[in-house]
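The values are calculated or read from the model by the stated rules, or taken from the named source; none is laboratory data. Keep in mind the model is a prediction, meaning the values are calculated, not measured. Virtual Cβ from ideal backbone geometry, glycine too; neighbours counted across all protein chains shown.
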């Protein structure tokens, strides 16, 4: 298993926590005229704790082969030593202050977001946004569940060489505006595999893939 695969594999189910994202409270209040009405549905958002990210980095690369820095408020840099060259490679991301934990939450979120760039917990961003029922106190009526592909038992990782091959063929298809060629490459893979392949492209390339596939 290569380093990126070690970093990006799913976490145990007991490490996944949930919070409520968007709700239908505005729609309910607009339809009922009751400004005190509670939401009946919400979108569950999965997240992991910073300590689980620390542990994943320690396990995947070793405690002496990664480091984190905070060059300015809200920004975290995570550097990992390349096992082949010994070179330190840095990736960074940032976050704003949270309503609950303020500065502490800001640094924790920045750390976790920087780790996502290394693949840690990245798959959680690919979970579908699905409405679920909320109780009278605005809590989940039933515990949210992960789809099979987002669990350790259901995760089937494509070999890095295959993912790199798909990237090369995709970039060639984009350069030539070859929709048929692009469709032929991507139609061979399942939804779960698409999510793995997606990590091989930057945001501009992803938009180009979407646009060409729609034409």
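Scanning the range 77-88 for residues that are at pLDDT below 95, surrounded by 12 or more Cβ atoms within 10 Å (Cβ to Cβ) and more than 13 Å from residue 3 (Cα to Cα) yields a total of 0. When the range 92-118 is filtered for residues that are part of a loop (DSSP other than H, G, I, E, B) and at pLDDT below 90, the ones remaining, listed by number, are 95, 96, 97, 99, 100, 101. Of the residues making up the range 61-78, one or more are in contact with a strand residue (DSSP E or B) (Cβ under 8 Å, 6 or more places away or on another chain), in the same structural domain as residue 14 (by TED's automatic domain parsing) and at positive phi.
Only one of 56, 51, 29 is assigned to a helix (DSSP H, G or I), in the same structural domain as residue 119 (by TED's automatic domain parsing) and loosely packed, with under 12 Cβ neighbours inside 10 Å; which? Working first, answer last.
Numbers: 56 fails: loosely packed, with under 12 Cβ neighbours inside 10 Å; 29 fails: loosely packed, with under 12 Cβ neighbours inside 10 Å.
Residue meeting the stated conditions: 51.
Here the condition is being in contact (Cβ under 8 Å) with a residue 60 or more places away in the chain and either touching a helix residue (DSSP H, G or I) at 6+ places or on another chain (Cβ under 8 Å) or crowded, with 18+ Cβ neighbours inside 10 Å (or both); of 131, 118, it holds for 118 alone. Quick check, is residue 162 surrounded by fewer than 16 Cβ atoms within 10 Å (Cβ to Cβ) and more than 23 Å from residue 115 (Cα to Cα)? Yes; evaluated as a whole, the condition is true for this residue.
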